[in-house]
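S.K.: Let me give you the structure first, and then I'll get to my questions.
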Amino acid sequence: GKPVMAEAFMNFDYEVSQIAVRDQHQQILFYPLSHNLHQNGILKFSLVNDALNHSTLHEQAKKYITQLMEELDHIGVFTLEFFVKNQMLFANEMAPRVHNSGHWTMNGAVTCQFENHLRAVANLPLGSTEMAYPHNLMINLIGEIPEAKRLLAINNLHLHDYAKEPRPGRKVGHLNINTHCDTTLEKVISELPANLSQALKDCSRFFQD
């Protein structure tokens, strides 16, 4: 006798997220589409590069998120996650805020999502959402953070420590890797601690785009 909403299982190809920001004058700027990979229900990697940025999927995603932001009269950053199946987008979740899959922007975009959110709310001009690098990879650190000294010895890598108590399944920080070529990206990955490097190699299909 209770109302129920059920979702059918979808055997999707991969997940992407579109992040945009809308100011108080109805201007909307779009960040590049992010290709996301989850492990055990937790976002593990987000990859952002030119391939997705110039795809038909990005144009579709921008259209859908624009409709939502305008209908809701949303001010600030907005995130819309999609499942991709046969090059078609199916909305999965939305978040009226900055989002984990946009943490790459802290080092990889001209203006990060956090700054643009504040600009929009404070009625200040929005900053550029363009990529500062053509290859951007965000790695969530789950449970614990590897030795900071070792991580920071790697060129093109940035460590963001959330100062949270280590705990299994908890996001305690993230790494941003931002490079000008995919060869450099692969080199940085090879220099990561073994568990992170191996996890990325195991997900080699993730990098095919």
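S.K.: Please tell me which of these pairs span more than 25 angstrom C-alpha to C-alpha: K44/K149; K44/K85; K164/K201?
M.R.: In this structure, K164/K201 lie more than 25 Å apart at Cα.
S.K.: Ranked highest first by average number of other Cβ atoms within 10 Å, how do 33-43, 81-91 line up?
M.R.: Ranking the peptides 33-43, 81-91 by packing returns 33-43, 81-91.
S.K.: What does the charge dipole of the chain about its Cα centre add up to, to the nearest 20 debye, if the Cβ of each Lys and Arg holds +1 and the Cβ of each Asp and Glu holds -1?
M.R.: Computed about the Cα centre, the dipole is about 440 debye.
S.K.: Using mean Cβ contacts within 10 Å as the protection proxy, how do 46-53, 146-153 order, highest first? Don't jump to the answer; show the numbers that get you there.
M.R.: Numbers: 46-53: 20.2, 146-153: 11.9.
By packing density, highest mean first, the sequence is 46-53, 146-153.
S.K.: Quick one: with all protein chains in place, what share of the accessible area of segment 18-77 is carbon or sulfur, to the nearest percent (1.4 Å probe)?
M.R.: Details: 1250 of 2680 Å².
Carbon plus sulfur share of accessible area: 47 percent.
S.K.: Shape call for segment 54-110 from the C-alpha gyration tensor, a ≥ b ≥ c root eigenvalues: rounded (a/c under 1.5), prolate (a/b greater than b/c) or oblate?
M.R.: Cα axes put segment 54-110 in the oblate bin.
S.K.: Same structure again: Take segment 127-198, compute every pairwise Cα distance, and split them into 5 Å bins from 0; I just need the percent in each bin.
M.R.: In whole percents, the pair-distance histogram is 3, 16, 26, 24, 16, 10, 5, 0.
S.K.: For segment 1-98, with every protein chain kept in place, what is the accessible area per residue (1.4 Å probe, Å²)?
M.R.: 55 Å²
S.K.: Evaluate the relative contact order of the chain (contact order divided by residue number), counting alpha-carbon pairs under 8 angstrom at least 6 apart; express in whole percent.
M.R.: 19 percent
S.K.: What is the dipole size for segment 36-120, taken about its Cα centre, with +1 at each Lys and Arg Cβ and -1 at each Asp and Glu Cβ, in debye to the nearest 20? Walk me through the numbers before you get to the answer.
M.R.: On the way: 6 positive and 8 negative charges, 42 e Å.
Roughly 200 debye, rounded to the nearest 20.
S.K.: How far, in nm, would the chain grow between A8 and K85 when pulled straight, counting 0.36 nm per residue and subtracting the alpha carbon separation?
M.R.: Residue separation times 0.36 nm, minus the Cα-Cα distance, leaves 26.3 nm.
S.K.: Under the rule a/c < 1.5 gives rounded, and otherwise a/b versus b/c splits prolate from oblate, where does segment 1-120 land using the Cα gyration tensor?
M.R.: Here segment 1-120 falls in the oblate category.
S.K.: Based on the Cα atoms of the chain, what semi-axes does the equivalent ellipsoid have, where each is the square root of 5 times one gyration tensor eigenvalue, given in whole Å with the largest first?
M.R.: Numbers: eigenvalues 150, 91, 63 Å².
Over the Cα atoms of the chain, the semi-axes work out to 27, 21, 18 Å.
The values are calculated or read from the model by the stated rules, or taken from the named source; none is laboratory data. Keep in mind that what you see is a predicted model, and the values were worked out from it rather than measured. We place every Cβ from the backbone using ideal geometry, glycine too, and count neighbours over all the protein chains shown. Surface accessibility is based on the protein's heavy atoms, side chains included, excluding ligands, DNA and RNA. Shrake-Rupley method; radii C 1.70, N 1.55, O 1.52, S 1.80 Å.
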